[in-house]
RNA sequence: GGGGGUGUGGUGUAGCGGCCUAACACGCUGCCCUGUCAAGGCAGAGAUCGCGGGUUCGAAUCCCGUCAUCCCCGCCA
């Protein structure tokens, strides 16, 4: 070993000890005679001092040293002279007096500063990711992620789960996201697919009698990027036999609650059991199936008050079968016309024609785009229903239900952040349940599973599958954290007949279904236990726990927006020889 | 596939028709300096203003195209 201690671990208790340190030069302060070298390793930073009176040889080297050089130092830990302690440094009470100094490696001047949290263009960071990861923020994130995963492994182990690996080379499933394909060398024209999730395999593990399975599983989806989406990502995959919906939800909230209690003590977190909202309720109150429960500002339906109100825009929306809903931005009555116009522009992309506003003044008439059209008793009823007081700003959207909900939901999320309506440390969980099993896909003219095609319908809704499939609910649950979808799961179908019925409903003919999922159907005939599970996006979870704005900040080597690895330059051109082996030809 | 933002020394920014022979901070190089810790002092190097075309007497600045990058929509069972 090159070191006896971590740089950041040295304290007053080590005074007098001879220590060996190894690490990077964080900063050098050369006073000519005396030279200070702040040495950094994973554990932190400690000040080392080179004094020519102690070692002429070491001092000559210390004068040559530059940022990010890799050093090996032998020296003695000393208390700093009176008044020289640095309270900003955990190791600030001591310093290491250099006796021997060895340069293990020199370093070019890095393209950006490693020793401070300066803003750097992300392309440059990704190109030199190994340097970016050397910075404190990234080291913190890497450690946080490790701690989260370690905790989950330990916790699930204690709860009787086995961690089982499933194949990365598996079979394409044209339903769902686009697959990443791996062409087969041995079988011309055939390909493996990388898993979008280990869904089928974990269900087959239940058939296999595993009963309690989990995996920290890498998943692959060839779709376009977002700030919270990467082409490959990691999910906590769980499956359990002989359970009902509530059992799976209780398990995950138990694991995550204790995780936060242990690793993030002091952060405000939802109390178990976490709120359970039906899909209907969530849409009705928040306009979204992933409601951010860190703050209120719920959507209020005033459709009945809008009907025949005298305001043509409201009336028209109601007559066309639409709705009128509003939110109360408490204390925002001072918003300027321009600010309200900006909010209006914000929701137009979602189909909203406009934004009606009513700003209640502390005194005098309200400022409003529509109040003058409404009889005063109607106006009072509206104000009362939104629980509004002088100084508040009420915002309304009228139109088709979907548009109203989406617009106000976006507006609510935007205002919640802008007005700082919540504690940035808060971790607000909730479950959304009772999703529709299938949704009508107008483009494809067919029913689409809202979760996936193995989700069991609610038993009491079974008959609806024939009469009114859109009304049938699934035994499904989504976990939402601070308005972000963090996990999703369901009780699965374990009956071949029902599974085939679902295939049929979503327009998979029996031959195709058997070709793609024959192994599942066959397995269901050999004594399949009732089972269900959940999958949780760990990158996203870590992103929120680390309070990072972007999923790339918690992934060691992420792809950029265009799905490229800019450090290694992947994807890259294929050698003709490889193409030939794989029986492939490039079509321009 | 579509919409929007951004591209100026190594990094972060300023400049947004002529005062630009491109400014500032940090970093970098050299010299000085024995108690600094964002060390300090002095001196210095470093930019064809993403690329191509156009408008103009004159373009970092305006226009068009293109590339890169980020955000969003579509997509993500």
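The values are calculated or read from the model by the stated rules, or taken from the named source; none is laboratory data. Given the structure is predicted, the values throughout are model-derived calculations rather than measurements. Cβ sites come from the backbone with ideal geometry, for glycine too, and all protein chains shown count toward neighbours.
Residue check: is residue A:287 touching a residue at least 12 places away in the same chain (Cβ under 8 Å), at positive phi and under 28 Å from the mean Cα position of the chain (by Cα)? Yes; evaluated as a whole, the condition is true for this residue.
For residue A:147, the test of being buried (at least 17 other Cβ atoms within 10 Å of the Cβ), modelled with pLDDT of 95 or more and away from RNA strand B (no atom under 13 Å from the Cβ) is failed. The condition of being under 16 Å from residue A:333 (Cβ atoms), part of a helix (DSSP H, G or I) and either in the same structural domain as residue A:357 (by TED's automatic domain parsing) or in contact with a strand residue (DSSP E or B) (Cβ under 8 Å, 6 or more places away or on another chain) (or both) holds for only one of A:408, A:395, A:415, that being A:415.
Of all the criteria given as (1) within 12 Å of RNA strand B (Cβ to nearest atom); (2) assigned to a loop (DSSP other than H, G, I, E, B); (3) surrounded by fewer than 17 Cβ atoms within 10 Å (Cβ to Cβ), the one not satisfied by residue A:179 is (3).
Taken together, the residues in the range A:273-282 that are part of a loop (DSSP other than H, G, I, E, B) and in contact with a helix residue (DSSP H, G or I) (Cβ under 8 Å, 6 or more places away or on another chain) amount to 2. The one condition from (1) assigned to a loop (DSSP other than H, G, I, E, B); (2) under 25 Å from residue A:138 (Cβ atoms) that residue A:32 does not meet is (2).
Annotation: residue A:425 fulfils all but one of (1) in contact with a helix residue (DSSP H, G or I) (Cβ under 7 Å, 6 or more places away or on another chain); (2) surrounded by fewer than 18 Cβ atoms within 10 Å (Cβ to Cβ); (3) part of a loop (DSSP other than H, G, I, E, B); the unmet one is (1). Please specify each residue of the range A:58-92 satisfying the condition of being more than 10 Å from RNA strand B (Cβ to nearest atom) and in contact with a helix residue (DSSP H, G or I) (Cβ under 7 Å, 6 or more places away or on another chain). Hits for the range A:58-92 are A:77, A:90.
For the range A:435-451, the candidate set comprises residues that are surrounded by fewer than 20 Cβ atoms within 10 Å (Cβ to Cβ) and touching a strand residue (DSSP E or B) at 6+ places or on another chain (Cβ under 9 Å); within that set, the residue that is farthest from residue A:493 (Cα to Cα) is A:441.
A residue that is within 12 Å of RNA strand B (Cβ to nearest atom), assigned to a loop (DSSP other than H, G, I, E, B) and either free of Cβ contacts under 8 Å to residues at least 40 places away in the same chain or within 18 Å of residue A:488 (Cβ to Cβ) (or both) cannot be found anywhere in the range A:254-272. Is it fair to say residue A:366 is assigned by TED's automatic domain parsing to the domain that holds residue A:317 and crowded, with 16+ Cβ neighbours inside 10 Å? Yes: the conditions hold for residue A:366. For the residues A:25, A:46, the requirement of being in contact (Cβ under 8 Å) with a residue 24 or more places away in the chain, closer than 15 Å to residue A:106 by Cα and assigned to a strand (DSSP E or B) singles out A:25. Of all residues in the range A:566-579, exactly one satisfies the criterion of being within 11 Å of RNA strand B (Cβ to nearest atom) and without any contact (Cβ under 8 Å) to a residue 60 or more places away in the chain, namely A:569.
From A:235, A:225, grab the single residue that is within 12 Å of RNA strand B (Cβ to nearest atom), under 24 Å from the mean Cα position of the chain (by Cα), over 19 Å from residue A:144 (Cα atoms) and touching a residue at least 60 places away in the same chain (Cβ under 8 Å). Being within 12 Å of RNA strand B (Cβ to nearest atom), under 24 Å from the mean Cα position of the chain (by Cα), over 19 Å from residue A:144 (Cα atoms) and touching a residue at least 60 places away in the same chain (Cβ under 8 Å) holds for just one of A:235, A:225, which is A:225. Considering each residue of the range A:111-128 in turn, at least one proves to be within 10 Å of RNA strand B (Cβ to nearest atom), over 19 Å from residue A:27 (Cβ atoms) and in contact with a helix residue (DSSP H, G or I) (Cβ under 6 Å, 6 or more places away or on another chain).
Scanning the range A:89-136 for residues that are surrounded by 13 or more Cβ atoms within 10 Å (Cβ to Cβ) and part of a helix (DSSP H, G or I) returns A:122, A:124, A:125, A:126, A:127, A:129, A:131, A:132, A:136. Can you name the residue in the range A:238-249 that is surrounded by 15 or more Cβ atoms within 10 Å (Cβ to Cβ) and assigned to a helix (DSSP H, G or I) and is also nearest to the chain's Cα centre (by Cα) among such residues? Result: A:249.
Residue A:54 falls short on exactly one of the conditions (1) over 40 Å from the mean Cα position of the chain (by Cα); (2) assigned to a strand (DSSP E or B), and that condition is (2).
So which residues in the range A:155-169 are surrounded by fewer than 18 Cβ atoms within 10 Å (Cβ to Cβ) and within 16 Å of RNA strand B (Cβ to nearest atom)? Within the range A:155-169, A:167, A:168 meet the criteria. For the range A:270-288, a residue qualifies if it is farther than 24 Å from residue A:385 by Cβ and surrounded by 19 or more Cβ atoms within 10 Å (Cβ to Cβ), and the qualifying residues are A:270, A:274. When residue A:510 is tested against the conditions (1) without any contact (Cβ under 8 Å) to a residue 12 or more places away in the chain; (2) not assigned by TED's automatic domain parsing to the domain that holds residue A:150, the lone failure is (2). Counting only helices (runs of 4 or more DSSP H) that sit wholly inside the range A:490-562, those with at least 1 residues that are more than 13 Å from the chain's Cα centre (by Cα) and buried (at least 19 other Cβ atoms within 10 Å of the Cβ) are A:496-505, A:510-524. Among residues of the range A:191-208 being touching a residue at least 40 places away in the same chain (Cβ under 8 Å) and either in a helix (DSSP H, G or I) or surrounded by fewer than 16 Cβ atoms within 10 Å (Cβ to Cβ) (or both), the one that is farthest from RNA strand B (Cβ to nearest atom) is A:207.
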